[in-house]
Amino acid sequence: MQDLGQHEDLKRIALFDELGAAELESLSQFIILHTFAKAQIIYQADKSGEDCFLILKGRVKLCLGLEDGREISFEILGPGDFFGEGVLLEPPLHNCAAQAIERSELLLLPRRQLLELMENNGRFSLYMARHLAGRLHEFRQRQEMLLHSVNVRFARLLLSLAKRHGTLISGPGVRLNVKLTHQEMANLIGTARETLTVTIGKFRQEGILTENRHNLVIKNMPELERRAWPVSEAVPKI
């Protein structure tokens, strides 16, 4: 664990675009840079907290553990993503768990200082309000997705991962720069690992999906979009 140091480092982070030099200088005195090992728990669900988090390097999953030992995952986050915003509310509780899925460097942002910035900087407060509204919209989309078949859910998961963690490669194709086990992907779409493995096999046989150096690669984006969204629905752009 170490102090971030100079406020110039914060200028490169989109979250702080609306802050002036004096605000950045003040905030930099409180922000901590912390490294989490692969599989390390960042925080538990329903626990109080005093920090929000911003990812500099690595990947983090947001999830809930069920009483029967199963896990439901909500989202995979990467560099530039902000999370843990539940502590900005009253009471300051984390509404899910967060776990590093690879070695990750995170900025710890103190609740008290963020609330002061929101009170004194209208543009920053608006940015945070939009972020919270966007997270609620994503949660509702996740709930709606569970009404569809496993094929549709998996296709939509691949599109979401491509948007957040994808890189265009020659071939053509989109490589997913996040390594998830079959169990982790199954947790994200609410199905059994065995069912997910069969579904991946089908997508590979049909030429939609392949693998490159242990990373999944989407080979046929138009067909994947067709599988993800019925003809009656508009196709979102990646």
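Any idea which residue in the range 65-76 is surrounded by the fewest Cβ atoms within 10 Å (Cβ to Cβ), counting only those that are among the aliphatic types (A, V, I, L, M) and in contact (Cβ under 8 Å) with a residue 60 or more places away in the chain? The qualifying residue surrounded by the fewest Cβ atoms within 10 Å (Cβ to Cβ) is ILE72. Criterion first (in a strand (DSSP E or B), touching a residue at least 40 places away in the same chain (Cβ under 8 Å) and out of contact with any Pro (no Cβ under 9 Å at 6 or more places or on another chain)) does LEU132 satisfy it? No: the conditions fail for LEU132.
Residue-level check: of (1) surrounded by 16 or more Cβ atoms within 10 Å (Cβ to Cβ); (2) at pLDDT 85 or above; (3) closer than 16 Å to PRO110 by Cβ, HIS7 misses just (2).
Being of a type in the set (Lys, Arg) and surrounded by fewer than 20 Cβ atoms within 10 Å (Cβ to Cβ) is the filter; apply it to the range 47-59 and report the residue that is nearest to the chain's Cα centre (by Cα).
Among those residues, the one meeting the criterion is LYS57.
Considering LEU62, LEU117, LEU88, LEU93, the condition of being surrounded by 13 or more Cβ atoms within 10 Å (Cβ to Cβ) and touching a residue at least 60 places away in the same chain (Cβ under 8 Å) is satisfied by LEU117 alone.
For (1) within 22 Å of the chain's Cα centre (by Cα); (2) more than 30 Å from LEU15 (Cα to Cα), each residue gets a yes or a no:
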| site | (1), (2) |
| --- | --- |
| MET118 | no, no |
| GLN141 | yes, no |
| LEU147 | yes, yes |
| LEU161 | yes, no |
| GLY166 | yes, no |
| GLN183 | yes, yes |
| LEU188 | yes, no |
| LEU196 | yes, yes |
| THR199 | no, yes |
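Of the residues making up the range 134-151, not a single one is aromatic (Phe, Trp, Tyr) and either at pLDDT 90 or above or in contact with a helix residue (DSSP H, G or I) (Cβ under 9 Å, 6 or more places away or on another chain) (or both). When the test is whether a residue is crowded, with 20+ Cβ neighbours inside 10 Å, in the same structural domain as PHE16 (by TED's automatic domain parsing), not polar (S, T, N, Q) and not in a loop (DSSP other than H, G, I, E, B), ALA98 passes it. Can you find a residue in the range 67-90 that is in a strand (DSSP E or B) and farther than 30 Å from THR191 by Cα? No, the range 67-90 contains no residue that is in a strand (DSSP E or B) and farther than 30 Å from THR191 by Cα. Restricting attention to the range 105-129 and to residues that are charged (D, E, K, R) and assigned to a helix (DSSP H, G or I), the residue that is nearest to LEU89 (Cα to Cα) turns out to be ARG111. When the range 9-47 is limited to residues that are assigned to a helix (DSSP H, G or I) and acidic (Asp, Glu), the one that is nearest to LYS57 (Cα to Cα) turns out to be ASP9.
The values are calculated or read from the model by the stated rules, or taken from the named source; none is laboratory data. Just so it is clear, the model here is predicted, and its values are computed rather than measured. A quick note on method: Cβ atoms are made from the backbone with ideal geometry, for glycine too, and the neighbour counts reach across all protein chains shown.
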